[in-house]
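The next block holds one structure in the form of structure tokens; read it before the comments.
Each value in this text was obtained by applying a stated rule to the coordinates, not by laboratory testing. Note that the structure is predicted; figures quoted are calculated from it, not measured. Ideal geometry is used to build each Cβ from the backbone, glycine not excepted, and the neighbour counts take in all protein chains shown.
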Amino acid sequence: MKPKISTQSNQPLASLDEWEDFLKEVYPQPAPAPAAGVTKKIPSVGTDPEKKQEEFRSYETNARPSVREFYRLNHLNQTHDFALAKRKEYLGLNRLHMSVWEAMEYLNQLVDDSDPDTDLSQLQHLLQTAEAMRRDGQPRWMILTGLIHDLGKVLCLWGEPQWAVVGDTFATGCAFSPKNVFPQFFAENPDSKNPRFQTPNGIYEPGCGLEKVVLSWGHDEYIYNVAKDYLPEEGLYMLRYHSFYPWHREGAYDQFCNAKDRSMMPWVLKFNTYDLYTKSHESPDITKLKPYYLELISEFFPAKVRW
Ligand SMILES: [Fe+2]
Ligand SMILES: [Fe+2]
């Protein structure tokens, strides 16, 4: 048994789950997702945008100090240059060669300061997400996407602070959207003083497609790059944009979307219903489930994958 690695010293969140628990307070219900392929713009969860903003503000007021501090650091430090530098640092994928299952066990070394009796391990969350999809008869590629979606959190094991691994992602290189939670913290981000980045479109062309937009750095972009040769487009959107809440739950940054992005958004929302709303304290039986998932992994991935 490998030693457990605590990465939480000097970090605001006692556990990465604190961020997701906060999101669940902001979004207590899954978004009503239209059928995949429907390209109409998906509205915010609330029907009254003014009210939604007020609700946002009240979640912010009531947020735990640790969550506030986490968002403050995230919004302060995630500049356009930072996101570009991290892409360059990590997306060559030349750190490790390991199988997907090995990566799941590797990530599971990550422990935090939270109560081990009430919090799920990373492996348990991945299996719960995948198992909920399997129970609903979702396609095999989607179950596999659920199984691997948070493996980008291995960034924590490589010394990245919480604010560079998790957090709702947002577009860099353009004006900060007020549809992000805690938008006031962007005032301290150096990009807020750069006029090039502070128009609604910033450095991008309208309709350029999300793939051209550099989002704040985190576990989504990393796992998308690890998996991009192996999963169908729908699964890749789920991986790459699952934390892009201002887009998929608030309708922000729509000006950059192309037809493909809009047709894929329902899949991202469908994924979100499993990711955010299937956590339970029932531990999946890892030994019993392992053979099924090893077979599923081998259907799509080679024996060793570059990380
Ligand atoms: Fe995630
Ligand atoms: Fe997750």
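Some notes on this structure:
- Cα-based helix-to-principal-axis angle, 122-135 vs the chain, degrees rounded to 10: 90 degrees
- Dimensionless Rg over Rh [the chain; C-alpha; Kirkwood]: 0.93
- Net charge, Trp163 excluded, C-beta distance under 11 Å - Lys, Arg +1, Asp, Glu -1: -1
- Cα-projected label distance for Glu188 with Gln53, points at 7 Å along beta-carbon direction, nm: 2.4 nm
- Among Leu294, Leu73, Leu126, residue whose mean-square fluctuation peaks in a GNM of the chain (springs only between Cα atoms under 10 Å): Leu294
- Projected label points at Asp229 and Lys24, each 7 Å from Cα along the beta carbon direction, are separated by 3.7 nanometres.
- Between helix 17-26 and the chain there is an angle of about 50 degrees, using the helix long axis and the longest principal axis of the Cα atoms.
- Full extension of the segment from Ser283 to Asn77, taken as 0.36 nm per residue of separation minus the current Cα-Cα distance, would add 70.6 nm.
- Extension gain, Glu89 back to Arg262 (0.36 nm per residue minus Cα-Cα distance, nm): 59.3 nm
- The alpha-carbon of Lys212 sits under 14 angstrom from the alpha-carbons of these aspartates and glutamates, leaving out residues fewer than 8 places away in its chain: Glu221, Asp254, Asp261.
- Relative to the dominant Cα principal axis of the chain, helix 80-90 is inclined by about 20°.
- Along each principal axis, Cα extent of region 104-232, largest first, Å: 47, 36, 25
- Checked against a 28 Å cut-off, the cross-linked pairs Lys179/Lys304; Lys24/Lys179; Lys86/Lys228; Lys153/Lys270; Lys88/Lys193; Lys86/Lys288 give Cα-Cα distances beyond that limit for Lys179/Lys304; Lys86/Lys288.
- About its Cα centre, the chain has a charge dipole of approximately 760 debye under the convention of +1 per Lys or Arg Cβ and -1 per Asp or Glu Cβ, with nothing else charged.
- Fully extending the segment from Arg196 to Ser66 would add 43.6 nm, taking 0.36 nm per residue of separation and subtracting the current Cα-Cα distance.
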